[in-house]
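The values are calculated or read from the model by the stated rules, or taken from the named source; none is laboratory data. This is a predicted model, so every value here is computed, not measured. Reconstructed Cβ throughout: ideal geometry from the backbone, glycine too, with neighbour counts over all protein chains shown.
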Amino acid sequence: MKAAIWRVGGAYLVAGALLVGCTSVPETNRSQLLLVDPAQEAQLGLQTFTKVKAETPVSRNQAQTAQVRRVGGRIAAVAPVPGYQWEFVLFEAPDTPNAFALPGGKVGIYSGILPITRTDAGLATVIAHEIAHVIARHGGERLSQGLLVQMGGVALSAALGAQASATRELAMQAYGIGTQVGVMLPYSRTHELEADQLGLLFMARAGYDPREAVAFWRRFQEANRTRGGSPPEFLSTHPVDARRIAQLEQMMPRALEEYERAVARR
């Protein structure tokens, strides 16, 4: 029964994938499937960002706001996609050590992360990571994955139409759990690690010491411990901090070369 479920759902997802073209992420060259165009993504990003700004207090701290805009603008200047309408906003949320990015170049930083970033280079780690999400079009890719999973669920439901209602319900629950844990969460962790990789290069090219990225994630790891730790990685949208740190250290020689070139040009 389970094998039949995954054959039907998987076949539909593969068929959907074959109907669209592949693109490649800048720098990493990872293939990705995108069912939405950049203009649609940017419009959705703008709508969402406008809603967030209406619902979340914007920081009145002029020095911190200036720092966010200065660091963000410097990194955006080396991002390999011209023409984005970049906007960097600091939100007043001292209990939220987080940040986010939306398609089209909208980046939000919550003030709760500033005690962990500490310096311009620490903040550059966070902002470069968020800019990397935009450059790699992770938002559009997530939308596309969600559409494919949704279409797979519709196909599976139709294929099970003759089954008893209890059987259909169990099958759909299994499909939902399987796609979330087996497809959506791993892709989200892939996006996070890819954004770390791209972000390290972007901050280095902007003249920020990439070694600070490792220092930041170690501080963030300690902050996570203080807050009670993280869920197991296979149930989390983000990779564990130790894995991120290991990848950054592996990439550090290349990032330091980029940094030295950037410093020489200044």
### Task
Give the residue, chosen from THR117, THR65, THR48, that is of a type in the set (S, T, N, Q), within 17 Å of the chain's Cα centre (by Cα) and at negative phi.
THR48
### Message
Any residue at all in region 16-37 that's at pLDDT 95 or above and among the basic types (Lys, Arg)?
### Response
no
### Task
List every residue pair whose Cβ atoms lie under 6 Å apart, where the two residues are 6 or more positions apart in sequence or sit on different chains, the first residue falls within region 59-75 and is closer than 9 Å to LEU90 by Cα, and the second residue, located anywhere, is of a type outside the set (Gly, Ala, Ser) and not in a helix (DSSP H, G or I).
SER59/LEU90; SER59/GLU92; GLN64/LEU90; THR65/LEU90; VAL68/PHE88; VAL68/LEU90; VAL68/ILE109; ARG69/PHE88
### Task
Return the only residue of ALA99, ALA93 being surrounded by 12 or more Cβ atoms within 10 Å (Cβ to Cβ), under 28 Å from ARG254 (Cα atoms), touching a strand residue (DSSP E or B) at 6+ places or on another chain (Cβ under 6 Å) and at pLDDT 90 or above.
ALA99
